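Novice: Just dropping this structure here.
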Amino acid sequence: MTGLREHFAETAASAKHYDVTEVVLRRTRRRRQLTRAAAAAAAIVVATSAAAVLTRSPALAPAVTEIDATGTATPGRLGWLPQTFGLPGMGDLPVLPALPADRGVGEGALVYRRGGKEALLTSDGTSYSVPGDVRGLSPDGRWLAYGAGGELVFRCLLDTRTRRAADSDVAGWSADGTRAVLAPRMPGGLPTPVAAVLDPADGTNQTLPIPDPEWWGPRGLSPSGELLLTPRHEFPSTSAGPPAPLSTTAQPDVSTTGLPEAASTTEPVATPGKLPGVPDDLGYAVGFVEPVTHKSRSVAILSARIGFGEQSYWSPERLAVTWMPDRLLFQALTTLDSAQSLPADVFEIDPATGGALRRWRLPPVTTLSDPFRKLITALPDGILLGVNDGAEPWLSKALEVLDPVTGARRTVLTMPPGAEFVLTRGGARPY
Amino acid sequence: MNGFDGFREFVQAHTGAWSRLAYVLAGSHAGAEDLVQTALLKTARVWHRVRRYEQPEAYVRRAMYHAAVSQWRRRGEWPVADVPDRAAPDDPIDGIPRRMAIDAALAQLTPRQRAVLVLRFYEDRSVAEAADILGVTVGTVKSQTAYALERLRVVAPHLVELTIEEAGR
């Protein structure tokens, strides 16, 4: 008889000796050097800027604008989002009306889950059960995407139109919200080698290749129509560890050159299908695929250049990446003393250079009991954040809108007890 | 003084135990190495503080668990669900398929469910200790344990006596 204890013990006995000491030390030293170099560079910029002011010279490149968003949220309202919504009793769950096939229901506002079932909340506060698993709600609230019968179904909420596509996840939306970026579901959960860009209104679509799909996944479209990619994994160090399979374009050896002058690798890569990334101890990267030529490029967002400390980092994991309107928004993670990682400040990134333009300092998270905020998307109303109550399993209990100019936050929705937030306009579901 | 004084010795003293834990958690050598490296990178960044802890090795183990179950990790980032790459040499004739079946069943669990089982049945941690390490409530550990064992029963009905036996302990 082999019990779990015995099985785990046998498994443990088969482990190798994973000696990563030197890799860890090398990467940590390099990160520390870069952090210090960034601090020194910032000091030089400040000193030079002061001198420039004194001599009435043109100002140097602007530094990151920090915006304090740590104040108490005040009540607020969005025109398309009910401030809260009523729920029928649990016993009444089966009577939640189904999404009608013969008429429109009005723009969608929110998707929530209750009793294991997903429901759509429209802007007028009506709830409908959804005939499948919801995979996206367009930024304008017109299109609801859900999976049903082995297909992806787009349902126009203003009328009765539907558009069907191969079974796919909705990886993101175009900046104007009219097109969806689809990641076809692959057998065995394999990474998708292509992304499809679909206009659900007229059915026009385009399939774009993903260079190195093992390492990159689709996330949306840029305002100019390029396919936006984000890493699926942390890229290994270029100096140690597993070989970086993407780096046919040489990465700058920042450990020897100090702070790199240029963070962007904007030249088309030499070998089609290969797109370099950035080791996670140095930063993050986004990729782009040009829709006509299919040429790809990547832009490095180096932690040291945007003032990350040792406990902050980007993550390739599923955090929101969005546009406002032509800048990228990212959310950093911070490592707590407990070794847990939680979302932290939001950054606005110039997609051409990888440099940070603005940083919104959100209320600090120092323990697992502190509520934290997850970046959902940027809408014309502001930056949309999901807020939990600091309790496991850390579901969003409220939505806040952050004013990008003042940093003021407004609570625009409070989830009623018993309802779990799934997604809202412009939000995409992890895939 | 380079800020890493004692780090190398600290790691060398514990790598064996961490490697075994990582392999049980990840189910593959690549995933296990990734876990160890992730945990040690976190530790090295704050080594100046962790070195003063009463049990600095506990920080690394905790970091490993959090890396394993992190809700921010995307599906498939490391191969919990990979086909285990463990060989099964010299087993009794009926032991090989049985162990493979258990490996396959464990690979069907979520990372958190697997972590809970590892804490309870590999490390023999109490429910309270497991909850503290994972940063969740005692109730969550209990429910995740129950879910995990139930799921093992579903995906591997022939292991029913195994899971009943473990649940009863």
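Novice: Here is a check on your reading of the model: is A:Gln83 surrounded by 12 or more Cβ atoms within 10 Å (Cβ to Cβ), among the polar types (S, T, N, Q), at pLDDT 65 or above and outside any loop (DSSP other than H, G, I, E, B)? Working first, answer last.
Specialist: On the way: surrounded by 12 or more Cβ atoms within 10 Å (Cβ to Cβ): yes; among the polar types (S, T, N, Q): yes; at pLDDT 65 or above: yes; outside any loop (DSSP other than H, G, I, E, B): no.
No; evaluated as a whole, the condition is false for this residue.
Novice: Take the conditions assigned to a loop (DSSP other than H, G, I, E, B) and more than 30 Å from A:Leu282 (Cα to Cα) and apply them to A:Pro404. Does it pass?
Specialist: Answer is no for this residue.
Novice: Starting from residues that are over 25 Å from the mean Cα position of the chain (by Cα) and part of a loop (DSSP other than H, G, I, E, B), keep the ones in the stretch A:142-170 and report whichever is surrounded by the fewest Cβ atoms within 10 Å (Cβ to Cβ).
Specialist: A:Gly150
Novice: Moving on. If you take the residues of the stretch B:27-73 that are among the acidic types (Asp, Glu) and assigned to a helix (DSSP H, G or I), which of them is nearest to the other protein chains (Cβ to nearest Cβ)? Walk me through how you get there before you give the answer.
Specialist: Let us first name the residues in the stretch B:27-73 that are among the acidic types (Asp, Glu), namely B:33-34, B:54, B:57.
Keeping just the survivors that are assigned to a helix (DSSP H, G or I) gives B:33-34, B:57.
Values: B:Glu33: 4, B:Asp34: 8, B:Glu57: 12 Å.
Filtering the stretch B:27-73 for residues that are among the acidic types (Asp, Glu) and assigned to a helix (DSSP H, G or I), the one nearest to the other protein chains (Cβ to nearest Cβ) comes out as B:Glu33.
Novice: In the stretch B:1-13, what residues are surrounded by fewer than 17 Cβ atoms within 10 Å (Cβ to Cβ), of a type outside the set (Gly, Ala, Ser) and either more than 9 Å from chain A (Cβ to nearest Cβ) or part of a loop (DSSP other than H, G, I, E, B) (or both)?
Specialist: Step one: filter the stretch B:1-13 for residues surrounded by fewer than 17 Cβ atoms within 10 Å (Cβ to Cβ), giving B:1-3, B:5-6, B:8-9, B:12-13.
Now drop any that are not of a type outside the set (Gly, Ala, Ser), which leaves B:1-2, B:5, B:8-9, B:12.
Scanning the stretch B:1-13 gives B:Met1, B:Asn2, B:Asp5, B:Glu9.
Residues are listed down the side, and each one gets a yes or a no for (1) more than 27 Å from A:Ala391 (Cα to Cα); (2) crowded, with 19+ Cβ neighbours inside 10 Å; (3) more than 10 Å from chain A (Cβ to nearest Cβ); (4) in contact (Cβ under 8 Å) with a residue 40 or more places away in the chain:
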{"site": "B:Ala104", "(1), (2), (3), (4)": "yes, no, yes, yes"}
{"site": "B:Gln108", "(1), (2), (3), (4)": "no, no, yes, yes"}
{"site": "B:Arg120", "(1), (2), (3), (4)": "no, yes, no, no"}
{"site": "B:Val127", "(1), (2), (3), (4)": "no, no, yes, no"}
{"site": "B:Arg151", "(1), (2), (3), (4)": "no, no, yes, yes"}
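Novice: Can you name the condition, by its number, that A:Glu66 falls short on among (1) modelled with pLDDT of 85 or more; (2) closer than 30 Å to B:Gly16 by Cβ; (3) outside any loop (DSSP other than H, G, I, E, B)?
Specialist: Of (1) modelled with pLDDT of 85 or more; (2) closer than 30 Å to B:Gly16 by Cβ; (3) outside any loop (DSSP other than H, G, I, E, B), only one is false for A:Glu66: (2).
Novice: Keeping to the stretch B:14-26, report how many residues are surrounded by fewer than 22 Cβ atoms within 10 Å (Cβ to Cβ) and at the interface with another protein chain (Cβ under 8 Å from one of its Cβ atoms).
Specialist: Here is the first cut: in the stretch B:14-26, the ones surrounded by fewer than 22 Cβ atoms within 10 Å (Cβ to Cβ) are B:14-17.
Going one step further and asking which of them are at the interface with another protein chain (Cβ under 8 Å from one of its Cβ atoms), we end up with B:15-16.
Adding up the residues that qualify gives 2.
Novice: Please verify whether the stretch A:127-141 includes one or more residues that are within 21 Å of A:Asp176 (Cβ to Cβ), free of Cβ contacts under 8 Å to residues at least 60 places away in the same chain and not in a strand (DSSP E or B). So that I can check it myself, show each step before the final result.
Specialist: Let us first name the residues in the stretch A:127-141 that are within 21 Å of A:Asp176 (Cβ to Cβ), namely A:135-141.
Right, trim to free of Cβ contacts under 8 Å to residues at least 60 places away in the same chain and you get none.
Scanning the stretch A:127-141 turns up no residue that is within 21 Å of A:Asp176 (Cβ to Cβ), free of Cβ contacts under 8 Å to residues at least 60 places away in the same chain and not in a strand (DSSP E or B).
Novice: So, in the stretch A:374-431, how many residues would count as being within 21 Å of A:Tyr146 (Cα to Cα), of a type in the set (Lys, Arg) and either within 14 Å of chain B (Cβ to nearest Cβ) or surrounded by fewer than 22 Cβ atoms within 10 Å (Cβ to Cβ) (or both)?
Specialist: The qualifying residues number 1.
Novice: Among the residues of the stretch A:171-216, what is the count of those that are within 14 Å of chain B (Cβ to nearest Cβ), buried (at least 22 other Cβ atoms within 10 Å of the Cβ) and more than 27 Å from A:Arg142 (Cα to Cα)?
Specialist: Of the residues in the stretch A:171-216, 2 are within 14 Å of chain B (Cβ to nearest Cβ), buried (at least 22 other Cβ atoms within 10 Å of the Cβ) and more than 27 Å from A:Arg142 (Cα to Cα).
Novice: Where in the stretch A:179-229 are there strands (runs of 3 or more DSSP E), lying wholly inside it, with at least 3 residues that are of a type in the set (A, V, I, L, M)? Steps first, answer last, please.
Specialist: Details: elements: A:180-184, A:194-198, A:205-209, A:216-221.
Answer list for the stretch A:179-229: A:180-184, A:194-198.
Novice: Working only within the stretch A:1-30, note down all residues that are under 20 Å from A:Val278 (Cα atoms), facing chain B (nearest Cβ under 7 Å) and outside any loop (DSSP other than H, G, I, E, B). Before the answer, list the steps.
Specialist: Filtering the stretch A:1-30 down to residues under 20 Å from A:Val278 (Cα atoms) leaves A:20, A:22-30.
Now drop any that are not facing chain B (nearest Cβ under 7 Å), which leaves A:20, A:23-25, A:27-28.
Hits for the stretch A:1-30 are A:Val23, A:Val24, A:Leu25, A:Arg27, A:Thr28.
Novice: Specify the residue that is surrounded by the most Cβ atoms within 10 Å (Cβ to Cβ); the eligible residues are those in the stretch A:109-123 that are modelled with pLDDT under 95 and not hydrophobic (A, V, I, L, M, F, W, C).
Specialist: Here the residue is A:Tyr112.
The values are calculated or read from the model by the stated rules, or taken from the named source; none is laboratory data. As the structure is a prediction and not an experimental result, all values here were calculated from the model. Because the Cβ atoms are built from the backbone with ideal geometry, glycine has one as well, and the counts that use them run over all protein chains shown.
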